[in-house]
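Q: First, the structure itself, so that you have it in front of you.
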Amino acid sequence: MAAIELRGLTKVYPGGVRALDALDLVIPDGEFFALLGPSGCGKTTLLRTIAGLETATGGSVVIGERDVTGVQPGGRDVAMVFQDYALFPHMDVTDNIAYPLRIKKVAKTTRQAKAAEVGARLGLEHLMDRRPGQLSGGQQQRVALARVMATQAQAFLFDEPLSNLDARLRLEARTFLKKLQRELGVTTVFVTHDQAEALAMADRMAVMEAGHIRQIGTPAEVFQRPANTFVAGFIGSTPMNLLDGVAHGGTLEVAGCALPVPTSAEGLLADGEKIVYGVRPEYNAYAAEPAADALGGKVVIMENLGASHLVTLDVNDVMVQAIVPEGREPAIGDQGWAVPRRDRALVYRDGELVAG
């Protein structure tokens, strides 16, 4: 196992496209680290550059205190699982798992024994003589994981390995993968565009945009205290309410309503300062009766989330979303109030979080 450190890592493609812009990042030994961001943000390029499949334009990649920037992929002692699993269709499960050991010229009996051992650990013992075309998507994924485990590499690199699975299998697979990583204790970098995956699986995560890292933190830190409006608008199964406002003494004028300054920004705003007020729907309670320190408006949309409903209010032509528990949902056209939690609301100035 080994830590991964990126120092000023840059990748520029022909034509001047800057996919990675002088990134600095340290991933400690044994950490499960997720790279999250929209399509085209650079997360897969970053993973491939760590693996050596892309050549860095500038900066360095250090794995286990060894600078591997100029080292070929086979010499970096990392193992990668691709989105399509990249299994050899003409080989059975045993040979697919053992293939990296074959490349290292490990004796056939030894590599087959290792494949059998790892395959059994992942519940593949009854499938070892089958070929990939005879396996389900979930089984193929486990074969790809077994192949990675057989290499006993210093770090595992995953490029959206769950994206080809159906919703139910995806939930099972992410639980299995996180449990496996904890047992093995191997440094793992996991690329995904799925926020739920990153929040559920990662010890820490980086949110990327256009070749830059916009925030690094634990899932709780990134969800509860997004460092900027990009992360605030990107993270969360329901987008954060980001509402223009103006500071007036100890209150904020937001969508024509008066709200108290959030606890985190108290005493940090100038009178008349323009800000963006942020509060997640999960921290924005719905009230059917008039409430103090609330945003009042008409219910225009109701979305069923299962155990709760997402309510959209038209507050003076500004759309505000709140969560209401099952059984208490209002009707379209009702007057309602969204009551933000002051300790969970945030304020952004010039796109960046204001916090003491």
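Q: From the list LEU242, LEU259, LEU252, which one is of a type in the set (A, V, I, L, M, F, W, C), under 25 Å from HIS193 (Cβ atoms) and not in a loop (DSSP other than H, G, I, E, B)?
A: Only one candidate passes the filter, namely LEU242.
Q: Something else: Would you check which residues across segment 239-272 are more than 14 Å from GLU352 (Cα to Cα) and of a type in the set (Asp, Glu) and list them?
A: Scanning segment 239-272 gives GLU253, GLU266, ASP271.
Q: Tally up the residues in segment 312-328 that are modelled with pLDDT under 95 and over 17 Å from ALA291 (Cα atoms), please.
A: Result for segment 312-328: 3.
Q: Based on what the data block shows, is ALA86 part of a helix (DSSP H, G or I), touching a residue at least 24 places away in the same chain (Cβ under 8 Å) and assigned by TED's automatic domain parsing to the domain that holds ALA22?
A: no
Q: Among the residues of segment 229-251, which ones are in contact with a Lys or Arg (Cβ under 6 Å, 6 or more places away or on another chain) and surrounded by fewer than 17 Cβ atoms within 10 Å (Cβ to Cβ)?
A: VAL246
Q: With (1) in contact (Cβ under 8 Å) with a residue 24 or more places away in the chain; (2) part of a strand (DSSP E or B); (3) within 25 Å of PHE32 (Cβ to Cβ) as the list, and GLN215 as the residue in question, which single condition is left unmet?
A: Looking at each condition in turn, GLN215 falls short on (1).
Q: Of all residues in segment 19-40 being farther than 20 Å from THR218 by Cα and modelled with pLDDT of 95 or more, which is surrounded by the most Cβ atoms within 10 Å (Cβ to Cβ)?
A: This residue is LEU20.
Q: Also, quick follow-up: Could you tell me whether segment 57-66 includes any residue that is of a type in the set (Gly, Ala, Ser), modelled with pLDDT of 90 or more and either in a loop (DSSP other than H, G, I, E, B) or more than 20 Å from ILE27 (Cβ to Cβ) (or both)?
A: Within segment 57-66, one or more residues are of a type in the set (Gly, Ala, Ser), modelled with pLDDT of 90 or more and either in a loop (DSSP other than H, G, I, E, B) or more than 20 Å from ILE27 (Cβ to Cβ) (or both).
Matching residues to (1) surrounded by 20 or more Cβ atoms within 10 Å (Cβ to Cβ); (2) in the same structural domain as ALA287 (by TED's automatic domain parsing); (3) outside any strand (DSSP E or B):
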position: VAL299; (1), (2), (3): yes, yes, no
position: MET302; (1), (2), (3): no, yes, no
position: VAL320; (1), (2), (3): yes, yes, no
position: ILE332; (1), (2), (3): no, yes, yes
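Q: Filtering segment 162-176 down to residues that are out of contact with any Leu (no Cβ under 7 Å at 6 or more places or on another chain) and under 20 Å from PHE33 (Cβ atoms), which residue is surrounded by the most Cβ atoms within 10 Å (Cβ to Cβ)?
A: Within segment 162-176, the match that is surrounded by the most Cβ atoms within 10 Å (Cβ to Cβ) is LEU162.
Q: Something else about it: Evaluate segment 137-152: report whether one residue or more is under 15 Å from the mean Cα position of the chain (by Cα) and of a type in the set (A, V, I, L, M).
A: No, segment 137-152 contains no residue that is under 15 Å from the mean Cα position of the chain (by Cα) and of a type in the set (A, V, I, L, M).
The values are calculated or read from the model by the stated rules, or taken from the named source; none is laboratory data. Not measured: the values here are computed from a predicted model. Cβ atoms come from the backbone with ideal geometry, glycine included; neighbour counts cover every protein chain shown.
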